[in-house]
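To start, the structure under review is shown below, and the notes come after it.
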């Protein structure tokens, strides 16, 4: 999910994606500058491999969805009594930014996002996200970087009348070795992460409150972007004084 998502003050509505909320959590100042003053962090070269992997993984899972079963690698105890969400047409809508999931808060602000996939257990729903990574993943980093994302998915699903199972899944693909004919073997890791929809709602409200402040907040202490700008400003000030 990219950090798109502020509709502008002219419309009177604030729309934020989970990625935008990740930016808020990372550095309030960078978030405020991007969403209020439209000064974005430099992105650099954007890798195309992750989006290509995302596309083929979705096609792969959709083929098993049509058969009403899980892929062989997920037919393990961890996923017992779990199926893929069967409504392909509805899922296709939720995978697109323009027709994705939404949660509308009491003040009119909106959280919106595109879902990778969805699982079902009994009468409850499980947000399911694919990740590609250059090396094996671990639970600590999964929670650190993606807890907010999975919380937001669960909140948006509940806002659409879909009961949360109380957890979500991340499925990581990381490269192993190259075999014959150039085939790359990938390691698969699945992590189950508990969700908290109240935490997602509070993050949205805190971010919206910050956007309505007239001045930029302080930087996060570990923000490399703000530290770089601070050093550049000091450099130019010294140059001007010489």
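Details
- Projected label points at residue 233 and residue 160, each 7 Å from Cα along the beta carbon direction, are separated by 4.2 nanometres.
- Gain in span if fully extended, residue 89 to residue 13, counting 0.36 nm per residue against the direct Cα distance: 24.5 nm
- Sites residue 222 and residue 96, calculated FRET efficiency, Cβ-Cβ separation with R0 30 Å, nearest 0.05: 0.30
- Note on the chain: helix-only mean residue ellipticity at 222 nm, from DSSP H runs of 4+ residues weighted -39500 (n - 2.57) and normalised by residue number, equals -13000 deg cm²/dmol.
- Length-normalised contact order of region 133-222 in % [C-alpha pairs under 8 Å, at least 6 apart]: 31 percent
- Distribution of pairwise C-alpha distances over region 163-214, 5 Å bins, in %: 4, 15, 12, 12, 10, 11, 10, 9, 8, 5, 2, 1
- Fully extended contour minus Cα-Cα distance, from residue 123 to residue 77, at 0.36 nm per residue: 14.6 nm
- Ranked by how many other beta carbons lie within 10 Å on average, peptides 133-142, 153-162 from highest: 153-162, 133-142
- For the pair residue 60 and residue 177, the difference between a 0.36 nm per residue extended length and the Cα-Cα distance amounts to 40.0 nm.
- Acute angle (nearest 10 degrees) that the helix 197-211 long axis makes with the longest principal axis of the chain, alpha-carbon atoms: 20 degrees
- The mean sequence separation of alpha-carbon pairs under 8 Å and at least six residues apart, normalised by the residue count of the chain, gives a relative contact order of 20 percent.
- Angle in degrees between helix 224-241 and the longest Cα principal axis of the chain, rounded to the nearest 10: 20 degrees
Quick note: the coordinates plus some simple rules give every number you see, no bench work behind them. Just so it is clear, the model here is predicted, and its values are computed rather than measured. All Cβ positions, even for glycine, are placed from backbone atoms using ideal geometry, and neighbour counts span all protein chains on display.
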